[in-house]
Amino acid sequence: MKLANVTVIGGQWGDEGKGKIVDWLASRADVVVRFQGGHNAGHTLVVGNQTYKLSLLPSGIVGGTLSVIGNGVVLDPWALRDEIGRLREQGVEIGPDKLQIADTCPLILPFHRDLDALREDASGAGKIGTTRRGIGPAYEDKVGRRAIRVCDLAHLGELGPQLDRICAHHDALRAGFGQPGIDREALLRELGEVAETVLPYARPVWKTLHEARARGRRILFEGAQGVLLDVDHGTYPFVTSSNTVAGTAAAGTGLGPSAAGFVLGIVKAYTTRVGSGPFPTELEDAVGQRLGERGHEFGTVTGRKRRCGWFDAVLVRQSMAVAGVTGIALTKLDVLDGLDEIRICTGYGLRGETLDHLPAHAADQAAVEPIYEAMPGWPESTAGARSWRQLPAQAIKYIRRIEELIACPVALVSTSPEREDTILVRDPFAH
Ligand code: GDP
Ligand code: IMO
Ligand code: MG
């Protein structure tokens, strides 16, 4: 049996339970790597009576697996410092032997955060509902070749020409919002202070990862957000500013596409979304309320209430296809316990036509009417189940129907927030 790498990605609009699954898989991996996004992510891990909340650090860090932040991540150095501090208080020591950060990561700076908030506030009903953490503006500066990167922290005295370009761009934008220009002195001072926190972890991580691969080590890639938030494949413009599909694991770490291995899509047994944008199966009734309460659907990052709805097989089938998913981890099955009836969206109606995919245009996405099939629920509890045998027959029927509709097999099932409450159906590391 060949042991493969595993790439974990979100199959819906984020918050599918990626952190829990990555933490569970990490004990069998040698390296865990983040490859896109930033501290807009919020991954909750429950181990015994401890709860850990991670935004920027790879979820392998809690179990002590070597954790790497790849070049595709946008890094807020102050958020990094605070998160390392919080974990240290919880007894997780994070030294350079445990964490490496790509020296090519672009930094999220205070003016990125400002711009994110200013733009959202000025957009009225058109706002995206971002996490206001500066993710979009930081990626814009990366592509605009204005970014300050981790390696620049060791060369602050040579930043002059780069700062000229940044200020030329941002001061004009800031003036439009009635804001003062960037204070270059203050910025350099603050960067000088935070450099001490970041630089000890800075490395050419592509090299670490290549060496690990050459020695047959197992790499676990940890995606953030989800396919429906992908800047190309998601519900544009209500998306994040990175590609969240598995292919990004290659460009965002410096490993070629063959390194991705088994692509494990994390899929929630129902649907949630935080922020604005279309959501065909959203429930604004008592069932939606119940899913939110039983599933504790509040954002880890912003504390916002997540919108809830039935499982949308049209969206997930499309996500699995565009992201190249090999198998899924179906999470939060227990949240559906005790429902009389469960619905699955199997198609959309739009102006008299039936669609088997999500249309590209935002207005059409907002107008589609879900076509449902209904199944009986199960009165038994699945919470904490750790084997297939412990699942009620009707829950198994639900899982099998989902597999059929999304054309993708189930590899894992998760039945509670706790690390060990996970059913292994087929081992992603040994496919
Ligand atoms: P991520 O962003 O994909 O890592 O997901 P989040 O951590 O933001 O949100 C998932 C939430 O559901 C967290 O609070 C997890 O502790 C919790 N969770 C994960 N898996 C399960 C599960 O199988 N059942 C229940 N009830 N909760 C789960
Ligand atoms: P994890 O990794 C859910 C959403 C925001 C907003 C949109 C753009 O925990 O699954 P951004 O700040 O990225 O520019 O916001 O994307 N969003 C997420 N929603 N889970 C996440 O991450 C998210 N990261 C961003 O709510 O709608
Ligand atoms: Mg989350």
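In segment 27-54, the qualifying residues are those that are over 29 Å from T130 (Cα atoms) and not in a loop (DSSP other than H, G, I, E, B), and the one that is farthest from ligand 3 (Cβ to nearest atom) is V31.
Of all residues in segment 299-308, one or more are at positive phi and either among the small types (G, A, S) or in contact with a Lys or Arg (Cβ under 6 Å, 6 or more places away or on another chain) (or both).
Quick grid of which residues meet (1) within 15 Å of ligand 1 (Cβ to nearest atom); (2) among the basic types (K, R); (3) in the same structural domain as D30 (by TED's automatic domain parsing):
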residue	(1), (2), (3)
E185	no, no, no
G192	no, no, no
R217	no, yes, yes
L229	yes, no, yes
G254	no, no, yes
V274	yes, no, no
V287	no, no, no
R290	yes, yes, no
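Exactly one residue out of R389, R426, R400 is among the basic types (K, R), more than 16 Å from ligand 3 (Cβ to nearest atom), surrounded by fewer than 14 Cβ atoms within 10 Å (Cβ to Cβ) and not in a helix (DSSP H, G or I): that is R426. Taken over segment 44-73, the residue count meeting the criterion of being open to solvent by less than 10 Å² (accessible area, probe 1.4 Å) and either within 11 Å of ligand 1 (Cβ to nearest atom) or among the hydroxyl-bearing types (S, T, Y) (or both) is 4. Every test in (1) in contact (Cβ under 8 Å) with a residue 60 or more places away in the chain; (2) loosely packed, with under 12 Cβ neighbours inside 10 Å; (3) among the hydrophobic types (A, V, I, L, M, F, W, C) is passed by A374 save one, and that test is (1). Quick check on E120: is it within 16 Å of ligand 2 (Cβ to nearest atom), in contact (Cβ under 8 Å) with a residue 60 or more places away in the chain, acidic (D, E) and in a helix (DSSP H, G or I)? Against the criterion (within 16 Å of ligand 2 (Cβ to nearest atom), in contact (Cβ under 8 Å) with a residue 60 or more places away in the chain, acidic (D, E) and in a helix (DSSP H, G or I)), E120 does not qualify. Residues in segment 102-135 that are closer than 16 Å to S241 by Cβ and touching a Gly at 6+ places or on another chain (Cβ under 6 Å) were compared, and the one that is most open to solvent (accessible area, probe 1.4 Å) is R113. Can you find a residue that is open to solvent by less than 60 Å² (accessible area, probe 1.4 Å), more than 24 Å from V32 (Cα to Cα) and modelled with pLDDT of 95 or more anywhere in segment 192-213? There is at least one residue in segment 192-213 that is open to solvent by less than 60 Å² (accessible area, probe 1.4 Å), more than 24 Å from V32 (Cα to Cα) and modelled with pLDDT of 95 or more.
Check G85, G95 and return the single one that is surrounded by fewer than 24 Cβ atoms within 10 Å (Cβ to Cβ), more than 13 Å from ligand 3 (Cβ to nearest atom) and part of a helix (DSSP H, G or I).
Values: G95 fails: part of a helix (DSSP H, G or I).
G85 is the lone residue from the list that is surrounded by fewer than 24 Cβ atoms within 10 Å (Cβ to Cβ), more than 13 Å from ligand 3 (Cβ to nearest atom) and part of a helix (DSSP H, G or I).
Of all residues in segment 204-222, those that are outside any loop (DSSP other than H, G, I, E, B) have Cβ atoms under 6 Å from Cβ atoms of residues that are at pLDDT 95 or above and aromatic (F, W, Y), 6 or more apart or on another chain, in F221/F35.
The values are calculated or read from the model by the stated rules, or taken from the named source; none is laboratory data. In this text the structure is predicted, and so the values were computed from the model without any measurement. A quick note on method: Cβ atoms are made from the backbone with ideal geometry, for glycine too, and the neighbour counts reach across all protein chains shown. In case anyone asks, the SASA skips ligands and DNA or RNA and just uses the protein heavy atoms, side chains included. Shrake-Rupley method; radii C 1.70, N 1.55, O 1.52, S 1.80 Å.
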